[in-house]
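Have a look at the structure below before the remarks.
Computed from the coordinates by the stated procedures, all read-outs in this text should not be read as laboratory data. From a predicted model like this one, the values you see are computed outputs, not experimental measurements. Here the Cβ is made from the backbone with ideal geometry for all residues, glycine too, and neighbour counts use every protein chain on show.
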Amino acid sequence: MDATETVPWLDLTRQYQLLRQEILQTLDQLMQQGSFILGPYVQQFETEFARFIGARHCVGLNSGTSALQLALIACGVGPGDQVITVPATWISTSWAISYVGARPVYVDVEPDTYCMDPRRVEAAITPQTRAILPVHLYGQPADMTALHVIARRHGLAVIEDACQAHGASLGGRRMGTFGRVGCFSFYPGKNLGACGEAGCIVTDDDAIALRIRQLRDHAQASRHVHAEIGYNMRMEGIQGAVLGIKLKYLEAWTERRRHIARQYEAAWAEVPGLTTPVERSGARHARHIYALRCDGRSNLQQYLARLGIVTAVHYPTPLHLQPAYRHLGYRAGDFPEAEALCRSQLTLPLFPEMNDEEVARVIGAVYSWAESGRGSMPSAA
Ligand SMILES: *Cc1c(COP(=O)(O)O)cnc(C)c1O
């Protein structure tokens, strides 16, 4: 085992080396045409991504956070409203709710899938509740069937945070098509990543698509006619061009991610003290982030670091305990499953360009941690 080379948890440069020529040629054309904002490359990507997801519309935006914000506005969520969401996620899910003047109302997550627990939603509904905003965390589909039953019973909109779930599906249907609006991020590290900031919404609703199309471009109903207060949230041309190139590879990349996850799963199923992330029954997990749960997380993290395996923690602090949300009045202990998840999860290397030797090194390193009695450090690398 060559422990001098580190195994990164993500290395974006490898993907660029693979696509370099294709990207540079396309960007040269784009520069010569000057299609810097929206334009033909973005339009073409919107058409292709809508087809990929199986939605009528895709509207290209400047980030996933913007996608969530415009989705909430288009679903009529505003000041004084409440939106039911989860505390175990990237903070943008809650930012968007705050940006429109509404209040995030948290419910706990399922301990095995890490997604919103539908059994806890009804108790959180009040007369001010307007929408449910589940997250397909790490690429795992939330239980959309159960959430839809609740949303319909109470007349609530469902907006999906699919920012980590490109190509994930449930019952053969892609995530992003279950809610009134599905929101995606193309932040460079996502399964489909731009070369800068980008995001989009998908929807089957013609009116919502049109409204978001206008809102992103200063709410222009036509040139210099501003129907309402708008935003500058347009997708850049170069992002549309790069995303269009990468979209062709997304299925193969997702399969590679899933293959690596299956190898991890098979290797570690019996290791005591570790809980490997499951795949919901009937679902296709996009394996954006491979976060296993471990009782002695920092011990495992340090052990792996000594062997040159780089890991990360997504996300150490649940949102209800973030200083920015102190005013919501939540306390430690309010969401025990989310808090336990944040304490125990550790993200291991998993990206499509990992080679088999690196996968084997990660597997072997976790094994040796388990066999060494977890705690004693490996002799210096
Ligand atoms: C990445 C991400 C976002 C935000 O996307 P940006 O493009 O970075 O604004 C929102 N929600 C989740 C769950 C994410 O992972």
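A few comments on the model shown:
- Peptides 94-100, 183-189, 304-310 ordered by packing proxy, namely the average of other Cβ atoms within 10 Å per residue, highest first: 183-189, 94-100, 304-310.
- Longest to shortest principal axis, alpha-carbon extents of the stretch 303-361, angstrom: 48, 22, 18
- Of every Cα-Cα pair in the chain, the percent that sits beyond 35 Å: 27 percent
- Per-q log10 I(q)/I(0), the stretch 1-108, q = 0.12, 0.15, 0.21, 0.24 Å⁻¹ (Debye; single scatterer per alpha-carbon; no solvent): -0.71, -0.92, -1.12, -1.23
- Q128 paired with E228, simple spin-label distance in nm, labels 7 Å along Cα-to-beta-carbon: 2.1 nm
- Full extension of the segment from R51 to T6, taken as 0.36 nm per residue of separation minus the current Cα-Cα distance, would add 12.3 nm.
- Projecting the Cα positions of P127, Y106, Q164 onto the charge dipole of the chain (unit charges on Cβ atoms of Lys, Arg, Asp and Glu, taken about the Cα centre) puts P127 furthest along the positive direction.
- Cα-centred dipole magnitude for the stretch 74-186, charges only on beta-carbon of K, R (+1) and D, E (-1), debye, nearest 20: 340 debye
- Projected-area average for the stretch 36-186 over all orientations - Cα convex hull basis, square nanometres: 8.6 nm²
- nm² value of the averaged projected area, convex hull over the Cα atoms of the stretch 73-127: 4.0 nm²
- The simple spin-label model puts a point 7 Å past each Cα toward its Cβ; for D206 and L18 those points are separated by 4.0 nm.
- In plain terms, the chain from T145 to V313 could stretch by 57.5 nm, reckoned as 0.36 nm per residue minus the Cα-Cα distance.
- Shape descriptor for the stretch 35-85: Rg over Rh equals 1.08 (Cα atoms; Rh from the Kirkwood inverse mean 1/r).
- Within the shell defined by Cβ-Cβ distances under 10 Å, the residues around R119 carry a net charge of -4, with Lys and Arg each +1 and Asp and Glu each -1.
- Neighbourhood charge, 11 Å Cβ-Cβ cut-off, centred on G54 and excluding it, Lys, Arg +1 and Asp, Glu -1: +3
- Selected from S169, S35, S66 as most flexible by GNM, with the chain as the system and alpha-carbon contacts under 10 Å: S35
- Among residues other than G244 with Cβ under 14 Å from its Cβ, the summed charge is -1 (Lys and Arg +1, Asp and Glu -1).
- Modelled label reach - S368, point 7 Å along Cα→Cβ, the stretch 292-330 residues with backbone N closer than 12 Å: 303-309
- The alpha carbons of the stretch 106-192 give a radius of gyration and a Dmax of 12.7, 39 Å, in that order.
- Residues whose amide H lies under 5 Å from that of I309, counting only those 5 or more places away or on a different chain, are V7; hydrogens are built 1.01 Å from N in the peptide plane.
- For the chain, a simple Cβ point-charge model (Lys and Arg +1, Asp and Glu -1, everything else neutral) yields a dipole of about 620 debye relative to the Cα centre.
- Rh by Kirkwood over Cα pairs, then Stokes-Einstein D for the stretch 194-279 at 1.002 mPa s and 20 °C, µm²/s: 128 µm²/s
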